[in-house]
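Notes for the one structure printed next.
Throughout, read-outs are computed from the coordinates displayed, never taken from laboratory work. This structure is a prediction, so every number in the text was calculated from the model and none was measured. Virtual Cβ from ideal backbone geometry, glycine too; neighbours counted across all protein chains shown.
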């Protein structure tokens, strides 16, 4: 394997790992605070991506203008959709607003996702706190299916393309930075942004838990819920909000992922199983473990997909993550950074 | 007191045997084939993906079937029944029986598709099963219909195997296949990109992917292209970046994406994001090819399809009378143009009905005989032959390209070439398999 190939796959794994890490971080947060194994977490990632789709549709909400010079597929005068933002802000500004719909969706999605998370927790999941993990898995998996069917009903089964702002189209030639030939290590700008965005969100969540009073109480509650309750603190309320924050983290991961792969109703399920493996490898309830395992498995998956590797071990790309999970669980039953006593009763 | 002799026992046995066989014989006479319609209506089974990743294609297939039923029963404007060269259909149902239908959900899973087809045959007494948007499903349902003794009119299935190694006497396919895509595409690729190219294939890891890769490889290598690598990608893959990166490292100057559906949307989007189309390799522009295009999928890939070559079975922009009649009929009813999935399923429903009329029966063996070697026109693909040897339709194939300046959300592909049927015709024996004998069931 050439060095350029090696670097390219590490870079590849970073953005994939970013998505795994963000989803797994939310999963771990929910498990660590509420003790719930949330199989609907992938659906929250998908809903986040559809926040980007929805905002794009709101911004492109149009009225019809008849263009007599052109005809439609039936030979009738062509109906042209003109977005209202073009009327309100002018064609250039209107086009720029639509072009930046994904970054704008970040702001749009945060309150939406927190609300979705709180409704989900208060409306359904809280009734399963004292039930076995198997019940929690069943109910949240069922919820995930319901959520994806709702999205399919409104948006259809086909992927819906959402572009990144034109300013971030194209790719960056990493290779030339390290003295390689041009075009050997290319990476799209938006994926680079995704990596830094993920790092920022992960950093913000850790800072929130580490340096705020709210975070301190939550951490105390994670360590000993009963004692915190005895001190007169309403820990349930805080944990509900943490569920909303975890939903927002998954949603933001989905919003930013929309330009990478066109959102479809099934995308949450595609990430869910892998994210659970990430959480288990990282250690149930361990936030740093989830992040580290996310990046580790993302990079490993990238290497396993290389033709040179596949020629030696055919099919390794489809099982590498699970193989690593088996090895980690056999050698370190609590995962890479798991705590004693979690899911061991 | 009677004495039982050996001769007496044999005689009694023969009489008893004849007696026991008699009812079966009479039953077979009364119902010579599975689900023979007895009342004033006949039931067809539309087995399409109503859930799962191809649900939108399934919905379009269902729209087309509903339109076909309307036309067969004398409703609407008649659509392609007016342009169809066979005039056996009279708009009074099939053989005077009103056409009714039941639907099933294939879920794009072979097991689920077989279960829904079986239910439509056994519970709803469907005399024919049609539809689907996957070769795996088509092969599975076709085999079931063969066992059950009903006709299977395949929907969107592109693998060579459907009418190749897995062909059945009761199964018929109007849609084109991987071989035809390769044969139609190669000359256009040669003319546009030259005959000295190095291709890198990314192939969906299942039956359709293999036959498509093989077809494109064979036809492009025959004109001088070299295949530098062919990598299988899991069907469940969503992010193809780790498969695209090695392409950049290779010496390839063409990437062939043997992907369909969500795989195609994602792999093409990823390839364009990674700047492959802006790359210059071996002094040539890097090119991407998508052997099987679908307008519904092209919509998912958005602007990334611009300028990319592929093939398709039919496109709403065709200007022949059949296509125009169908687009008008479908467009006025539903408000948008039909997809190729809608077209092929509509045509299959009409062809089945026409075969019943010409055969004068719903008996699958009579219908199969009427379809075998049937030549027709006016259904949107020019003169077409339902070849008797493998039950595959032979007609013109469209080579298309992603449109640079689309005028609407439907105007995504432009027709580059209509490849004549003769150029994509092959010997029926090359893919193996045996049709076997027609099974009327019952």
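Observations on the model:
- Estimated from helical segments only, the mean residue ellipticity of chain B at 222 nm is -12500 deg cm²/dmol, where each DSSP H run of four or more residues counts as -39500 (n - 2.57).
- Label-to-label distance, nm, for residues given as residue B:319 and residue A:224 (7 Å Cα→Cβ offset): 8.4 nm
- Residue B:111-residue B:404 pseudo-label distance in nm [points 7 Å out on the Cα-to-Cβ vector]: 5.0 nm
- Cα gyration tensor shape for the range A:9-121, rounded if a/c is under 1.5, else prolate or oblate: prolate
- On the principal axes of its alpha-carbon atoms, the range B:135-179 has extents of 29, 17, 16 Å, going from largest to smallest.
- For the protein assembly as shown, the extents of the C-alpha atoms along the principal axes are 97, 85, 55 Å, listed from largest to smallest.
- With the cut-off at under 16 Å, measuring from each backbone N in the range B:219-261 to a point 7 Å along the Cα-to-Cβ line of residue B:426 picks out B:219-223.
- Footprinting exposure proxy ranking of A:6, B:394, fewest other C-beta atoms within 10 angstrom first, gives A:6, B:394.
- Residue-averaged [θ]222 nm for chain A, counting only DSSP H segments that reach four residues, each worth -39500 (n - 2.57): -22500 deg cm²/dmol
- At R0 = 35 Å, FRET efficiency that the Cβ-Cβ distance of residue B:95 and residue A:64 yields, to 0.05: 0.15
- Ranked by how many other Cβ atoms sit within 10 Å of their own Cβ, fewest first, the residues A:276, A:172 fall in the order A:172, A:276.
- Cα-based helix-to-principal-axis angle, B:262-273 vs chain B, degrees rounded to 10: 0 degrees
- Reciprocal of mean inverse Cα separation for the range B:282-366 (Kirkwood radius, Å): 15.6 Å
- Computed from Cα atoms, the angle from the helix B:340-359 axis to the main principal axis of chain B rounds to 30 degrees.
- Label point 7 Å beyond Cα of residue B:250 along Cβ direction - residues of the range A:293-326 with amide nitrogen under 20 Å: A:301-318
- Shape of the range B:179-312, Cα gyration tensor, a/c cut at 1.5: rounded
- Cut-off 12 Å (backbone N to label point 7 Å along Cα→Cβ of residue B:303), residues of the range A:162-198: A:162-170
- Kirkwood hydrodynamic radius of chain A, Cα pairs, Å: 21.8 Å
- Between the range B:182-215 and the range B:375-442, the alpha-carbon center distance in angstrom: 18 Å
- Residue-span extension gain [residue B:85 to residue B:196] - 0.36 nm each, minus C-alpha spacing: 35.6 nm
- Annotation: the antiparallel percentage among DSSP beta bridges lying fully within chain B is about 30.
- Shielding by partners for peptide A:157-166, expressed as the average number of C-beta atoms from other protein chains within 10 Å of each residue's C-beta, is 6.
- For peptides A:282-294, A:156-168, sequence by mean Cβ density within 10 Å, most packed first: A:282-294, A:156-168
- Neighbouring Cβ atoms from other chains, within 10 Å of the Cβ of residues in A:5-17, number 3 on average.
- Distance (nanometres) between label positions extended 7 Å along Cα→Cβ at residue A:189 and residue B:385: 5.5 nm
- Ratio Rg/Rh, restricted to chain B and using Cα atoms, in which Rh is the Kirkwood radius: 1.06
- Compared with the dominant Cα axis of chain B, that is its longest principal axis, helix B:135-148 is turned about 10°.
- Estimated from the Cβ-Cβ distance and a Förster radius of 56 angstrom, the FRET efficiency linking residue B:328 and residue A:107 is about 0.80.
- Between residue A:172 and residue A:237, the FRET efficiency estimated from the beta carbon spacing at R0 = 56 angstrom works out to 0.80.
- Extension reserve of the residue B:165-residue B:414 stretch, reckoned as 0.36 nm per residue once the Cα distance is removed: 86.3 nm
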